[in-house]
Amino acid sequence: MKKILFVIIAILAIDLNAQENFQSEQKWSNGIIRGHEDLTRFGVEMANLAIGIEFYPTIAIGDHGFNTINPLLRGNYSSDVPNLVLCRYYQLEQAACTLQYWQQNSHLQNIHSLRNYANKQVETFDESLQAIRSLVQTNTAYALEFFYQNDLENFYFWIGHVLHTLQDSYSPAHTQRESQANNYRIKDICTYGKKFPNVCYHQFLGKSDYIWMIKWGCLSGRKFDCLSEEAKAAANATAAYLTLIYNFINSTSALEFEWQQKKLRQMLEKYLNTTIYR
Ligand SMILES: [Zn+2]
């Protein structure tokens, strides 16, 4: 009897859990907050598997950027909800370090793989692509400086920040890409906050920012197979980036880092050319 009761309670618990998960995912369906945690979780899992050790701190299912202690997730989350460290880095005054100012700032859109703009001028497609690529380069080099100073907390934080930019580039709300058959080649990069002619536009709380397929069997559990096609590509790109960074570190000592920056740039260029921004 006790056993049956236990089974019933267990089933009830699973069901309640499923509902709660589904609701919380719907609530964060803008993806910019909820989606990144799971994309990073899959990316870390795949990268650690490829590397053969737990080099990147594993992310638990349900871990949330809002209250996580995982530095990868904190760096990723702060890219949407800024902290003082990021504001200082991007030369924002403390008074301007608010959610609204950060997300609407026309000069900080590249962080989300969107086009920067100034008043009536918007970056051209090529300018935007180039600016986002160099942001990834600069921020990766910055992250690695912390690694070679034995500051792992900050290293993971800044790697998490770069992951945010890479992952956002797969959101159909941020960019328009060709199909999987055409390797998701980028066709357009959108703006947010201000519309421009002939440039795609990211709606406030765009529905296409949602990373999960809504279908039977995918209402809970947060399984890889339940990710949308773009989200799968984003998780794979996350894993590829993390593996690349590990490979660089593994073949470069602290003494070599300064003069191996060129090698890092070339490795990243190749990565950005083949998978992410082209
Ligand atoms: Zn973002």
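Every number in this text was worked out from the coordinates using simple rules, so none of it is lab data. Not measured: the values here are computed from a predicted model. As a convention, Cβ positions derive from the backbone with ideal geometry for all residues, glycine included, and neighbour counts pool all protein chains shown.
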- prompt: What is the distance in Å between the Cα centres of the stretch 243-272 and the stretch 180-199?
  reply: 30 Å
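Out of the chymotrypsin sites (Phe, Trp or Tyr not before Pro) in the stretch 174-278, which ones are loop residues according to DSSP with at most 14 other C-beta atoms within 10 Å?
Details: sites: 184, 192, 201, 204, 210, 212, 216, 224, 241, 246, 248, 257, 259, 271, 277; in loops: 184, 204, 210, 216, 277.
Taking the stretch 174-278 and a limit of 14 other Cβ atoms within 10 Å, the loop chymotrypsin sites (Phe, Trp or Tyr not before Pro) found are 204, 216.
Just to be sure I understand: if I project the alpha-carbon convex hull of the chain onto a plane and average over all orientations, what area do I get in nm²? Write down the numbers at each step before the final one.
Working: hull surface 67.6 nm².
Seen from a random direction, the Cα hull of the chain projects 16.9 nm² on average.
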- line: Relative to the chain, whose Cα atoms define the longest principal axis, helix 2-27 and its Cα axis are tilted in degrees, nearest 10, by 30 degrees
message: Show me the three semi-axes of the equivalent ellipsoid for the stretch 71-217, from the C-alpha gyration tensor (sqrt of 5 times each eigenvalue), largest first, rounded to whole Å.
response: 25, 20, 16
message: Just to be sure I understand the curve: with the Debye formula and one point per C-alpha of the stretch 79-164, what is log10 I(q)/I(0) at q = 0.10, 0.25 Å⁻¹?
response: -0.27, -1.27
- request: Mind listing the lone cysteines of the chain, meaning no other Cys beta-carbon sits under 4.7 Å from theirs?
  value: none
task: Could you tell me the number of lysine pairs in the stretch 29-276 with C-alpha atoms less than 23 Å from each other, where the two lysines are 8 or more residues apart or belong to different chains?
output: 17
statement: Checking the stretch 97-137 for trypsin sites (Lys or Arg not before Pro) in a loop per DSSP with at most 14 other beta-carbon atoms within 10 Å yields 120
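Based on the mean of other beta carbon atoms within 10 Å per residue, what is the order of 84-92, 225-233, most packed first? Before the final figure, lay out each step's value.
Numbers: 84-92: 15.0, 225-233: 18.2.
Averaged packing, sorted descending, gives the order 225-233, 84-92.
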field: Residue-by-residue Karplus 3J(HN,Hα) for the stretch 36-48, coefficients 6.51, -1.76, 1.60, Hz, glycine and proline x
entry: 4, 4, 6, 4, 5, 4, 5, x, 5, 4, 5, 5, 4
- prompt: In degrees between 0 and 90, to the nearest 10, how far off the longest principal axis of the chain does helix 125-148 point, with axes built from Cα atoms?
  reply: 80 degrees
